[in-house]
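Let me begin by presenting the structure, written as structure tokens, before commenting on it.
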Amino acid sequence: MTEMIEMIGESPAMNVVRGLVERVAPTDATVLISGESGAGKEPVAQSIHRQSERCAGPFIAVNCGAIPATLIEAELFGYERGSFTGAARSHEGVFERACGGTLFLDEVTEMPNEMQTRLLRLLETRRFFRVGGSLEIDTDVRVIAATNRCPIRAAQSGVLREDLLYRLAVFPIVLPPLRERGDDVLLLARHFLDSLNERSGTRKRLTAAALDVLVRHSWPGNVRELKNAIERAFILSDDALNLEFLPVRDATADETIAANGVSLPLGTTLAQAERQVIEATLAHWNGNKSRSAQALGCSLKTLYNKLAQYQREPAEAVG
């Protein structure tokens, strides 16, 4: 069973995600989590599992992008002895091993198209065949999938089957990047440091200067980058963590959004155009919602309401 990781964060953006998790967890609905690499999609999936009626069952995570195309079928569905060279014995796939629990399919958009077809059939029938097998097997698994791509764009480009998208996204959750989570970066940094101190029997600390660096860094690698940065600083520091190796945003950078920063093809609705402008403005201001609301000419409350709406209706995103 995968080690459980906490979903940490008290920002408005993460509170929206937490509310969605609490809503969907008690159901058996299929969930599609989308967000940038390193943003923490697996902890969200684990939180859904922990709060579900399947919490006593296994939680198994599979990175679809890390398994060679020639092996993914066997890993997902298992195989029978003698079904291919090297198959000296029968093997259970993850859909059997996760029975009664939750299967987390990370980077599902990297799955080969033919495997997407098999996955779609399994989700619809709850039955499958092992590789080389003739006996159809029933499965009792809740599927949570994740992708670092925009799901709509992935479907439009043919990377993700459109019918599979709508089967997976019964309940979509969009996970915001770390740069949009405000002081969550400090909560996460302290959490990672506390874990390292406990493991090593030390009492290393974050100084005010280190906290300032954490807040000013843009975190393109998200939570994963933050965790690695804290560990590196922990190793290099004797007492107070030194994070000077992290580049920080230039406060004197051009504060104008480029005219070509938003592309609006013909047929774009007003709602879609508004969303693109809001998202482009947030990206320009590195997730600073106060500055973004000021630039957009709306109240901070209006901006939060819009973002909450986008969390509930991610399928409305522009391709």
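The values are calculated or read from the model by the stated rules, or taken from the named source; none is laboratory data. Just so you know, these numbers come straight off a predicted model, no measurement behind them. Glycine gets a Cβ as well: all are built from the backbone with ideal geometry, and neighbour counts include every protein chain shown. The area values use the complete protein model at the heavy-atom level, side chains included, leaving out ligands, DNA and RNA. Shrake-Rupley method; radii C 1.70, N 1.55, O 1.52, S 1.80 Å.
This table checks each residue for (1) among the aliphatic types (A, V, I, L, M); (2) modelled with pLDDT under 95; (3) part of a loop (DSSP other than H, G, I, E, B).
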site: 188; (1), (2), (3): yes, no, no
site: 193; (1), (2), (3): yes, no, no
site: 198; (1), (2), (3): no, no, no
site: 202; (1), (2), (3): no, no, yes
site: 209; (1), (2), (3): yes, yes, no
site: 215; (1), (2), (3): yes, yes, no
site: 234; (1), (2), (3): no, no, no
site: 238; (1), (2), (3): no, yes, yes
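Looking at (1) without any contact (Cβ under 8 Å) to a residue 60 or more places away in the chain; (2) open to solvent by 20 Å² or more (accessible area, probe 1.4 Å); (3) of a type outside the set (S, T, N, Q); (4) in a helix (DSSP H, G or I), find the lone condition where residue 225 falls short. Here residue 225 meets the rest and fails (1).
Count of the range 159-181 residues, restricted to those that are open to solvent by 50 Å² or more (accessible area, probe 1.4 Å) and either under 20 Å from residue 112 (Cβ atoms) or without any contact (Cβ under 8 Å) to a residue 12 or more places away in the chain (or both), is 5. If you go through the range 289-304 and keep only what is exposed (fewer than 15 other Cβ atoms within 10 Å of the Cβ), of a type in the set (Ser, Thr, Tyr) and closer than 18 Å to residue 181 by Cα, you end up with 290, 302.
Only a single item in (1) among the hydroxyl-bearing types (Ser, Thr, Tyr); (2) within 18 Å of the chain's Cα centre (by Cα); (3) surrounded by fewer than 16 Cβ atoms within 10 Å (Cβ to Cβ) is not met by residue 70, and it is number (2). Selection of the range 136-158 for residues being part of a loop (DSSP other than H, G, I, E, B), crowded, with 19+ Cβ neighbours inside 10 Å and hydroxyl-bearing (Ser, Thr, Tyr) yields only 139. If we keep just the residues of the range 212-222 that are out of contact with any helix residue (DSSP H, G or I) (no Cβ under 6 Å at 6 or more places or on another chain) and either hydrophobic (A, V, I, L, M, F, W, C) or under 16 Å from residue 9 (Cα atoms) (or both), which is most open to solvent (accessible area, probe 1.4 Å)? This residue is 215. Of the listed requirements (1) open to solvent by less than 20 Å² (accessible area, probe 1.4 Å); (2) in contact with a Gly (Cβ under 9 Å, 6 or more places away or on another chain); (3) hydrophobic (A, V, I, L, M, F, W, C), residue 187 misses just one: (1). Considering every residue within the range 250-268, establish whether at least one is modelled with pLDDT of 75 or more and either open to solvent by 20 Å² or more (accessible area, probe 1.4 Å) or outside any loop (DSSP other than H, G, I, E, B) (or both). Within the range 250-268 (the criterion being modelled with pLDDT of 75 or more and either open to solvent by 20 Å² or more (accessible area, probe 1.4 Å) or outside any loop (DSSP other than H, G, I, E, B) (or both)), the answer is no, since none of the residues qualifies. Criterion applied to 93, 65, 19, 86 was being surrounded by 17 or more Cβ atoms within 10 Å (Cβ to Cβ) and not acidic (Asp, Glu), and the one residue passing it is 93. One residue stands out among those in the range 108-135 that are part of a loop (DSSP other than H, G, I, E, B) and touching a Ser or Thr at 6+ places or on another chain (Cβ under 6 Å): the one that is nearest to residue 62 (Cα to Cα), which is 126.
Every residue, every condition in (1) without any contact (Cβ under 8 Å) to a residue 24 or more places away in the chain; (2) part of a helix (DSSP H, G or I); (3) touching a helix residue (DSSP H, G or I) at 6+ places or on another chain (Cβ under 8 Å), yes or no:
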position: 6; (1), (2), (3): no, no, yes
position: 9; (1), (2), (3): no, no, yes
position: 20; (1), (2), (3): no, yes, yes
position: 26; (1), (2), (3): no, no, no
position: 39; (1), (2), (3): no, no, yes
position: 49; (1), (2), (3): no, yes, no
